[in-house]
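Working notes, structure below.
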Amino acid sequence: MKPDQAEVTTPTFKSVKEVEAHAKARMEKVLGDLQHALSGIRTGRASVSLLDPVKVDYYGNPTPINQVATLHVPEASLITLQPWDVSQIGAIEKAIRASDLGLNPSNDGKIIRVPIPALTAERRKELVKHLHGVAEDHRVSIRNLRRDANEGLKKLLKDKLISEDDERRALEEVQKLTDAHMLKVDQAAKAKEKEVLELK
């Protein structure tokens, strides 16, 4: 699902404030989605959020890994998982192996150890390319929200609920809002890229 597909119906606005508040709330949601997407992109350092995308087949239900085990990072290149239900150790290990994270877990019957291999230069480039794609998807979402807000303002003008001056001022505000959120997307992507390219 694209970050902005959650809401397809355009609401009916009664004021400029409503248009701006709606656009801002949805842009904030896009940023939250971006943060979540970026946390799943692997860097050379171990982090429990790395396993966020992994779902374990827990008695027939796909369950987030952090709901079936306690996760720790005892050192920079290792994640350990302690299953709450030891009988699930195989299912958890299998889920990590099956994910596209390229990880090779092992267990001693009680704890699963997931060594985080150093990233090759090739893999870092692939991750940066993927990261740029994720950031661009979120930029597109924000631009779509700007378009929706602008259409809401045009409708208010057409329905004679606001004046042309009100519309012009509001369009400028929506643009400022868009620019601010675009900047946050760029900053988040740059920070993540630096993390990916940083050699440990």
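What follows draws every value from the coordinates through simple rules; no lab data is involved. The model shown is predicted, which means the values in this text are computed figures rather than measured ones. Virtual Cβ from ideal backbone geometry, glycine too; neighbours counted across all protein chains shown.
Can you give the Rg/Rh ratio of the chain, where Rg is from the C-alpha atoms and Rh is the Kirkwood radius? If you can, show how the numbers build up before the last one.
Working: Rg = 21.9 Å, Rh = 19.4 Å.
With Rh from the inverse mean 1/r over Cα pairs, Rg/Rh is 1.13.
Run a plain Debye calculation on segment 48-115 (Cα atoms as equal point scatterers, no solvent) and give log10 I(q)/I(0) at q = 0.14 Å⁻¹, rounded to two decimals, same order as the q list.
Per q value, in the given order, log10 I(q)/I(0) is -0.33.
Of Val86, Ala21, Val114, which is farthest on the positive side of the dipole of the chain, counting Cα position, with +1 on Lys and Arg Cβ, -1 on Asp and Glu Cβ, and the Cα centre as origin?
It is Val114.
Please list, by residue number, every one of the chymotrypsin sites (Phe, Trp or Tyr not before Pro) in segment 1-107 that is coil in DSSP and has at most 12 other beta-carbon atoms within 10 Å. Don't skip to the answer; put the middle values down first.
On the way: sites: Phe13, Tyr58, Tyr59, Trp84; in loops: Phe13, Tyr59, Trp84.
Within segment 1-107, the qualifying chymotrypsin sites (Phe, Trp or Tyr not before Pro) (loop, at most 12 other Cβ atoms within 10 Å) are Tyr59, Trp84.
Can you tell me the dipole magnitude for the chain around its Cα centre, using point charges on the Cβ only (Lys, Arg +1; Asp, Glu -1), in Debye to the nearest 20? Can you show the working numbers first?
On the way: 33 positive and 31 negative charges, 52 e Å.
Magnitude of the dipole: close to 240 debye.
What's the exposure ranking of Leu161, Leu183, Leu131, going from fewest to most Cβ atoms within 10 Å? Please list the in-between numbers first.
Values: Leu161 15, Leu183 10, Leu131 20.
Neighbour counts put them in this order, fewest first: Leu183, Leu161, Leu131.
Using only Cα atoms, what Kirkwood radius does segment 83-129 have, in angstroms?
Details: mean 1/r = 0.0829 Å⁻¹.
About 12.1 Å for segment 83-129.
Could you list His22, His132 so that the one with the fewest beta carbons within 10 Å of its beta carbon is first and the one with the most is last?
Exposure proxy ranking, most exposed first: His132, His22.
Rounding to the nearest 20 debye, state how big the charge dipole of segment 41-100 is about its Cα centre with +1 on each Lys and Arg Cβ and -1 on each Asp and Glu Cβ.
Working: 5 positive and 6 negative charges, 26 e Å.
Dipole about the Cα centre, nearest 20: 120 debye.
Can you sort Met27, Met182 by how many other beta carbons sit within 10 Å, fewest first?
The most exposed by this proxy come first: Met182, Met27.
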